[in-house]
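These notes concern the structure reproduced below.
Nothing in this text is a laboratory measurement; each read-out follows from the coordinates by a stated rule. Keep in mind that what you see is a predicted model, and the values were worked out from it rather than measured. Cβ sites come from the backbone with ideal geometry, for glycine too, and all protein chains shown count toward neighbours.
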Number of protein chains: 2
Amino acid sequence: MMDQENFRRYGHEFIDWIADYFEKIEEYPVRSTVQPGDIKNSLPDNPPVNAEEMDKIFADFKEIIIPGITHWQHPGWFAYFPANNSPASVLGELLTAGLGAQCMIWQTSPAAAELEEVVMEWLRQMIGLPKGMVGVIQDTASTATLCALLTARENATDFAANRVGMRQPLTVYTSEEAHSSINKAVKIAGYGIDNLRSIPTDHNFALIPEELEKAIENDLNKGLQPACVVATLGTTSSTAIDPLVPIGEICHRHNLWFHVDAAFGGTAALLDEKRGMLSGAEMIDSFVFNPHKWMLTNFDCSAYFVKNKELLIRTFEIHPEYLKTGHDAVVNNYRDWGIQLGRRFRALKLWFVIRSYGVQGLQEMVREHLRLAELFKGWVEEDSRFELMAPVNFSLVCFRLKKAGVSEEEIARLNTDLLEKVNCSGRVYLTHTSLKGRYAIRMAIGQRTTAEKHVREAWELIRRHAAAL
Amino acid sequence: MMDQENFRRYGHEFIDWIADYFEKIEEYPVRSTVQPGDIKNSLPDNPPVNAEEMDKIFADFKEIIIPGITHWQHPGWFAYFPANNSPASVLGELLTAGLGAQCMIWQTSPAAAELEEVVMEWLRQMIGLPKGMVGVIQDTASTATLCALLTARENATDFAANRVGMRQPLTVYTSEEAHSSINKAVKIAGYGIDNLRSIPTDHNFALIPEELEKAIENDLNKGLQPACVVATLGTTSSTAIDPLVPIGEICHRHNLWFHVDAAFGGTAALLDEKRGMLSGAEMIDSFVFNPHKWMLTNFDCSAYFVKNKELLIRTFEIHPEYLKTGHDAVVNNYRDWGIQLGRRFRALKLWFVIRSYGVQGLQEMVREHLRLAELFKGWVEEDSRFELMAPVNFSLVCFRLKKAGVSEEEIARLNTDLLEKVNCSGRVYLTHTSLKGRYAIRMAIGQRTTAEKHVREAWELIRRHAAAL
């Protein structure tokens, strides 16, 4: 059993290991090369009866676990979206773990509650959301979007759903390119997936407001009750930007809850030149973006903002005797701002990140990633074997290898093959998507340490393997 | 901005700070003494434009944040339930933060998915749940119970609620002493709080099976559809134990989902002598307990077990193109086992804890806490000024100062006063509850470093302040 003196010794060892890991991460293959079952088969079927030495545990971590890790912090990470951490954020997490405070209500950790209030207000200012919106840290955008759909449900039923159950056929609207978490939340919140309308998108993969209007009218004519619209700033497949102004006006006209999912794209609003996408933000009821994606803050840290906190709190609040305190009227008890009662002190790492980089430092990182994406886009455009598959709105480039006169299936097979060969190099990791039925490779740039040379290497690998196909 | 070399330097400094914190934690008042607004008023209204030095940030952490921390790891922690961490767990969290892996599906971190499968099987064996039950780590018991209520909803409607929405009046049953998270989950899942039946408890605060049966019959007669029963092993107010065998038989007879909330109490099942409460476990459909409460594992780590994983997965699964991989048939993709898509590598710290302490080490800790609670209970019984308010089933003692011939309100005021005086000592922190309308002080023992002397000190403080009242 590890005592407190050993904590100091192994703590130093682990810090050095992480520092070395950061420095030598390029020696690892980005995507783990283990096969299903490899890790499981290396571990005992039963728990140890007796205490084991940390030396042995740490050795197993390095020998068994590390080969099964896909390295999200590798500069060759171009898969999915980034989930970048940073030295400051890791150290914030370390202190959070050491304190081990449970931050469900103000009284159980006043500093956690008040720091969360302060850094969320900083974040609001940093991305230019309207004054008066207030924020709370959620674990994921999935959860934040579920919170939005729940408040929308209560808002549409005058809080009857909470009381008597979900009985009315309420409808929800989002684009056909929206994230799967919206489908999931629609199911969880009891709307039923049949009541989610998938609104067509234009050639830029952005929601078409006229189609939204049409779908709402159609449902109204059927006697259904439209409740909520979810727009996206930076869709997962191609980072498309839904137009907030016309969507907001439709929501306003029909009195619908307006939620905006900017999980990835929201970070770009740190830049004045990208803030245009937030035009119409004064019509938004709720908004989520993930500092744990592209703002150097360890997962989990999802920033959820609402215009009217009373509606959010009324959706969730419960008042058992064992949680009552004398301060309830004057402080934020974040247990009532979401699903979970228990909460980690997540504001700490965010505070460390914002202060350690400064707004300017974060802006510089985002600007550099946008520049690298433009560079990569240019290379794709210059090479006639390839085609761009979507506008480059942020730091994601969707592209593929072309082939004339063959079926879409054939092109998909060709690009799957290319993608697999590139990923097997171990130097980079990219993933794919489907855009209106057409296969596309996604080059998502956003890892903290990704530099021009890594983007260039990715392109070289892609070109070389394309030539061999 | 903090670079990687500085990470090493400050990492060592922070490790030493945490080691010192563990050693000197008794110098802090358990409950923070700040007033609402104190922390907020010490922090700037706007984010810093320029990067700040870590020296300055860390100094502010120590000067501004620490006074606002309520010290959950203090050996004088007797409030709520414990949320104990441990040196091994903090180090596990450190590595998790350093790796920064996003563990939504097997492919994005094979080791995380497989280690989770292995340690959850270890846990199942450790507490003696039936063979065949499988586990997944959730963030909180609130979330796990919501998952249970969602699967119960789908199970009762043949997955129609997910499809067409929640339309049938489904009813849920739990004891009047059950945790508020059940009320919250009933609202979120669209049952409506009016369809939650609060079943009376006996003089031990345990659910009365005959009353459950009556409530179900009553609803059936009204044409309602009973869907789910939630039993508790260790209620929050008094750690009452609902009898699983008769409840399970009722569930079986009426074909209801049987969920068990053992958030705190589950850890005691590490001991053979406490495993009797799990008699009837073969009838359980889902079960949650929190290693982050009383098993030395940093929050968040809530262990959710189900008998039939297919029903759980069918409740949540979604299949967007950008998440499809070639391994989906042979691995666990835990994104489909709960609400969130994104997931931290939480299995690592649990693996560190189980191996570092061994099953025997964990059993010894639990046994010692149970012994301390018995000791405290004895002191209460010996002092005629006090009365015990509930059976001591685990390591929680509910008691209060008596006063003959006065109203319940007067007694509540007296004990509130006593509690506040004791807590203001800064040496200990206890909280209160209400048991069938009667005020009770809760002495919850379970912090890792709590020893007999701390329990003794708490009792001395209570006696001294009681004498002065």
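Cα centroid separation, segment B:1-80 to segment A:96-157: 20 Å. Volume of the convex hull of segment B:62-116 (Cα atoms only), normalised per residue: 146 Å³. Size descriptor for chain A, Kirkwood hydrodynamic radius: 24.1 Å (Cα pairs only, one decimal). Remark: relative contact order (chain B) = 22 percent; criterion is Cα-Cα distance under 8 angstrom and separation of 6 or more residues.
Sorted from shortest to longest, the distances between the B:GLN360 label points of this copy and the other copies are 6.0 nm, with each point 7 Å from Cα along the line through the beta carbon. Between the listed residues A:ALA148, A:SER42, A:MET54, the Cα displaced farthest toward the positive end of the dipole of segment A:23-160, a dipole computed from Cβ unit charges relative to the Cα centre, is found at A:ALA148.
The modelled label-to-label distance between A:ALA468 and A:ILE66, using points 7 Å beyond Cα along the C-beta direction, is 2.8 nm.
Distance distribution note for segment B:360-468: the fraction of Cα pairs above 16 angstrom is 57%. Full extension of the segment from B:CYS424 to B:GLU26, taken as 0.36 nm per residue of separation minus the current Cα-Cα distance, would add 141.8 nm.
One decimal place: the segment A:GLU249-A:GLU408 gains 53.4 nm when fully extended, by the rule 0.36 nm per residue minus the C-alpha distance. Over 26 Å apart at the Cα level, from the set A:LYS24/A:LYS56; A:LYS131/A:LYS377; B:LYS293/B:LYS402; B:LYS62/B:LYS453; B:LYS309/B:LYS349, are A:LYS131/A:LYS377; B:LYS293/B:LYS402; B:LYS62/B:LYS453. Just the Cα atoms of segment B:1-126, one point each, no solvent: what log10 I(q)/I(0) does Debye give at q = 0.11, 0.19, 0.22 Å⁻¹? Result of the Debye calculation: -0.62, -1.24, -1.30. Comment: the Cα-to-Cβ extended label point of A:PRO44, at 7 Å, lies 5.3 nm from its counterparts in the other copies, nearest first. As a length-normalised measure over Cα pairs under 8 Å and 6 or more apart, the relative contact order of segment A:156-216 settles at 32 percent.
Nearest beta carbon of chain A to the A-to-B rotation axis, with distance in whole angstrom: A:GLY190, 1. For segment A:191-338, the Kirkwood hydrodynamic radius comes to 17.3 Å, computed from all pairs of different C-alpha atoms.
Across segment B:426-469, Cα-Cα pairs more than 15 Å apart make up 52 percent of the total. Listed by Cβ neighbour count within 10 Å, with the fewest neighbours leading, B:VAL359, A:VAL397 appear as B:VAL359, A:VAL397.
By the rule of a C-alpha distance below 19 Å, with chain neighbours fewer than 8 residues away ignored, the aspartates and glutamates paired with B:LYS403 are B:GLU381, B:GLU382, B:ASP383, B:GLU387, B:ASP417, B:GLU420. Distance between the C-alpha centres of segment A:181-213 and segment B:233-285: 41 Å, rounded to the whole angstrom.
From the alpha carbon centroid of segment A:381-433 to that of segment B:386-423 is 69 Å.
In µm²/s, what is D for segment B:125-271 at 10 °C and 1.306 mPa s, where D = kT/(6 pi eta Rh) by Stokes-Einstein and Rh is the Kirkwood radius from Cα pairs? D, rounded to a whole number, is 102 µm²/s.
Dividing the summed helix terms, -39500 (n - 2.57) for each DSSP H run of n ≥ 4, by the number of residues in the protein assembly as shown produces a 222 nm estimate of -13500 deg cm²/dmol to the nearest 500. For segment A:94-353, the mean projected area of the C-alpha convex hull, equal to one quarter of the hull surface, is 13.8 nm². Applied to segment A:69-86, the Karplus parametrisation 6.51 cos²θ - 1.76 cosθ + 1.60 on θ = phi - 60° returns per-residue 3J(HN,Hα) values of 9, 8, 8, 4, 9, 6, x, x, 7, 10, 8, 6, 10, x, 9, 6, 10, 7 Hz, with x for Gly and Pro. Once you order the gyration tensor axes a ≥ b ≥ c over the Cα atoms, which shape class does segment A:283-354 get: rounded for a/c under 1.5, otherwise prolate or oblate by comparing a/b with b/c? It comes out oblate by the Cα gyration axes. As a size descriptor, the averaged projected area of the C-alpha convex hull of segment A:139-196 was calculated at 3.8 nm². Among A:ILE18, A:ILE66, the ranking by other beta carbons within 10 Å of each residue's beta carbon, starting with the fewest, stands as A:ILE66, A:ILE18. As an equivalent ellipsoid, the protein assembly as shown spans semi-axes of 44, 32, 27 angstrom, where each value is the square root of five times an eigenvalue of the C-alpha gyration tensor, largest first. Modelled spin-label separation between B:ARG385 and B:GLU364, with each label point placed 7 Å from Cα along the Cα-to-Cβ direction: 3.7 nm.
With contacts taken as Cα pairs under 8 Å at a separation of at least 6 residues, segment A:94-353 carries a relative contact order of 28 percent. Cβ crowding within 10 Å, taken as a proxy for footprinting-reagent exposure, orders A:CYS103, B:CYS424 from fewest neighbours to most as B:CYS424, A:CYS103.
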